[in-house]
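Here is the structure we will look at, set down as structure tokens.
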Amino acid sequence: MSKAPSEIQRAPITPESRESEPRHQQTLTAPGAPSAASKAAPARTEAPAPAKRRDAYFDNVKYLAIVLVAVAHAWEPVMDGSRTTRALYMVVYTFHMPAFILVSGYFSRSFDMSSAKVKRLVTGVVVPYVLFETAYSLFKRYAGGVDDTPITLLDPLFLTWFLIALFIWRITTPLWQSLRHPLPVALGIAMLASVSPEIGDDLDLQRVCQLLPFFVLGLLMKPEHFQLVRRREVRLLSLPLVAGALVFAYWAAPRMQLGWFYRSNSAQEMDFQWWTGPVMTLAMFGCALLLTIAFLAWVPRRHMWFTALGAGTICGYLLHGFLVKGAGYYHLFDRYEWLSGPLGLVVVSLVAAVAVTVLCTPPVRRVLRFATEPDMNWAFRRSPVKR
């Protein structure tokens, strides 16, 4: 867009550790001395810890972000000739993937190249990339009628770039966590990439480099930062910010190239002077950060009807592309020109939102588990049990 517990012996319970125990089990003892319960009862095996409860706020963030991704993709075929749609598209494209990447970085803070984490990275990122890159290539070849479409893992098709980018970002996590000033370094890499057309298209390294600062920023985030973002003052300040962004986007819509939002080309490849690359990289980073804060400020904290769908966003992300591309391959928007009008924009937006919502549901996640969460114990060595 998830181990069997090892058996340990229960140590004597000190007063400090008993603070988290139920009150009726507490017994006053001298500091450092074993409790009466531990003297009377023999050492016993600790029961497995209950599954960690998911944070409703972050599940809400992931679901709403993936809806924005799908809706923005659905706007692409209908925004030509509509300045308003193009402006909305630019605003959404400024922050929807940066927000998703920032949260991905936040949840990658514990990645340490341990065998369990590497296994999870392979099964949850590498395998889906291989399968869906192949699937999108075959879909383009047979449904799109492009017979010479190659099956290659070096040139990600459509939205599969995010998986290879996440793989690269995550395996470099220990490096970023060891640097004294990782965010300036990441911004420097992004600016250098924006003036380096020699990078080419392999593995979409332009996007990997230019969007790297958002992942690194996520690594630096702490829970208190999200508490600060959700303050009432931030929500109120975000309203004029978003209004100003919409007005500016409407002005810039016929004047600004969309390549700056895709972050997949250097300045020279878009026929700009080289120095505009670093300038626009910093400007786009600042705009994306402000709009991401505004988005995070308004995401509900409590459990909502769509909260459970946040666990299935990888399915919604990977599958909705077939619907968007399929509509293009079958010339749906050419047959029904009214879809490019105001009413069509509303219909397209609603259909995209409903479709990606369905694709995030638990039944779809269970059916697709062989591809997004495969059981590959046969491919890995068994980790030794720690005692």
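The values are calculated or read from the model by the stated rules, or taken from the named source; none is laboratory data. The model shown is predicted, which means the values in this text are computed figures rather than measured ones. All Cβ positions, glycine included, derive from the backbone under ideal geometry; neighbour counts span all protein chains shown. Calculation scope for accessible area: heavy atoms of the full protein, side chains included, ligands and nucleic acids excluded. Shrake-Rupley method; radii C 1.70, N 1.55, O 1.52, S 1.80 Å.
If only the Cβ of Lys and Arg carry +1 and only the Cβ of Asp and Glu carry -1, the dipole of segment 311-387 around its Cα centre is close to 760 debye.
Counting only the Cα atoms, segment 50-106 fills a convex hull of 74 Å³ per residue.
Over all other residues within a Cβ to Cβ distance under 12 Å of Phe261, the charged ones net out to +2, with Lys and Arg as +1 and Asp and Glu as -1.
Pairs of C-alpha atoms in the chain farther apart than 29 Å represent 51 percent of all such pairs. Surface composition of segment 102-156: carbon and sulfur atoms hold 63% of the protein heavy-atom accessible area at a 1.4 Å probe. Karplus-derived 3J(HN,Hα) values for segment 240-249, using 6.51 cos²θ - 1.76 cosθ + 1.60 with θ = phi - 60°, are x, 5, 5, 4, x, 5, 5, 5, 5, 5 Hz; glycine and proline are entered as x. Per-residue Karplus couplings for segment 331-346, computed as 6.51 cos²θ - 1.76 cosθ + 1.60 with θ equal to phi - 60°, are listed in order as 6, 4, 7, 7, 6, 10, 5, 5, 5, 8, x, x, 5, x, 4, 5 Hz, Gly and Pro entered as x.
Run the accessible area of segment 267-337 with a 1.4 Å probe and give the carbon-and-sulfur part as a rounded percent. Using a 1.4 Å probe with all protein chains present, segment 267-337 comes out at 66 percent carbon and sulfur.
Legend: distances between Cα atoms for Lys117/Lys325; Lys222/Lys325; Lys117/Lys222; pairs beyond 31 Å are Lys117/Lys325; Lys222/Lys325. When the helices of the chain are scored as -39500 (n - 2.57) per DSSP H run of n ≥ 4 and the total is divided over every residue, the value at 222 nm lands at -17500 deg cm²/dmol. Farthest towards the positive end of the charge dipole of segment 126-260, among the residues Leu154, Leu246, Val208, is the Cα of Leu246, using unit charges on the Cβ of Lys, Arg, Asp and Glu.
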